[in-house]
Amino acid sequence: MFRWNLSALALLTLMGASTARAQANPAHPRSAATTTTAAADRAVLLRQEEGWASALVKRDSAYFEKMLANGFVYTEDDRLMTRADVLKDATSGTDRVAAAHNEGMVVHLFGPTGVVTGVLVVRGTGQAGAYEHRYRFTDTWSKGPDGSWRIVAAQDYLIPAK
């Protein structure tokens, strides 16, 4: 009986120490700091995605320069584009974007990597006239040592019109 009590006491002590470490260790899955950091990271990524939609309308080259990581890669349907290609297309392409917004965004966090999925809706005019495009997207973001997030890869699929 005494041996069982010592074993139970040791187990409870270890569980308590583990819980204390979890609360102090932001990398631990049960850490309150992790939950707070994850919520803050999700909020930042959602704001940056909304900023992307706004920057499309404004042709805001400063925003794209800041958000696109060096080495950024982009795929849309069958096209592969570099960072330079995206900067050129987004800021000086022939299409005129009148409005853009995101729908159904979900943030998936994997440590210093964030993946945002959703639908980007873009209205504007191009060579063929007025359009409204809906793109299913997957954007991959990387958190730098300074805590800032930069997009490293993106993939868009033009949803066929019904």
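Rule-based calculations on the coordinates, nothing more; no lab input. Everything numeric here is computed off the predicted structure, so don't read it as measured data. Note that we place each Cβ from the backbone using ideal geometry, even for glycine, and neighbour counts take in every protein chain shown.
Using the Karplus relation 6.51 cos²θ - 1.76 cosθ + 1.60 with θ = phi - 60°, the per-residue 3J(HN,Hα) values for region 126-138 come to x, 4, 8, x, 6, 8, 9, 10, 10, 10, 7, 10, 9 Hz, with x marking Gly and Pro.
What FRET efficiency comes out for the pair ALA130/GLU103, r = Cβ-Cβ distance, R0 = 25 Å, nearest 0.05?
Working: r = 20 Å, r/R0 = 0.80.
Working from the Cβ atoms, E equals 0.80.
Charged neighbours of LEU120, selected by a Cβ distance under 12 Å, balance to -4 (K, R count +1; D, E count -1).
The alpha carbons of region 55-105 stretch over 27, 25, 23 Å along the principal axes, in descending order. Projecting label points 7 angstrom from Cα along Cα→Cβ for ALA40 and ASP89 puts them 3.5 nm apart. Taking a point 7 Å out from the Cα of TYR157 in the direction of its Cβ, the residues of region 93-131 whose backbone N falls within less than 17 Å of it are 103-106, 116-121. Each peptide in 37-50, 100-113 was scored by the mean count of other Cβ atoms within 10 Å over its residues; highest first, the order is 37-50, 100-113. Summing +1 for each Lys or Arg and -1 for each Asp or Glu among the other residues whose beta-carbon sits under 13 angstrom from that of GLY51 gives -1. Here region 37-158 carries DSSP beta bridges of which approximately 90% are antiparallel, counting only pairs with both residues inside. Each residue of region 105-121 was assigned a 3J(HN,Hα) from its phi angle through the Karplus expression (A = 6.51, B = -1.76, C = 1.60, θ = phi - 60°), giving 6, 10, 9, 10, 9, 9, x, x, 10, x, 10, 10, 10, x, 10, 9, 10 Hz with x at Gly and Pro.
Straight-line reach from LYS143: taking Cα to Cα under 17 Å and skipping same-chain neighbours fewer than 8 places apart, the aspartates and glutamates in range are ASP41, GLU49, GLU65. Normalised by the number of residues in region 37-158, the mean separation of alpha-carbon contacts (under 8 Å, six or more apart) gives a relative contact order of 25 percent.
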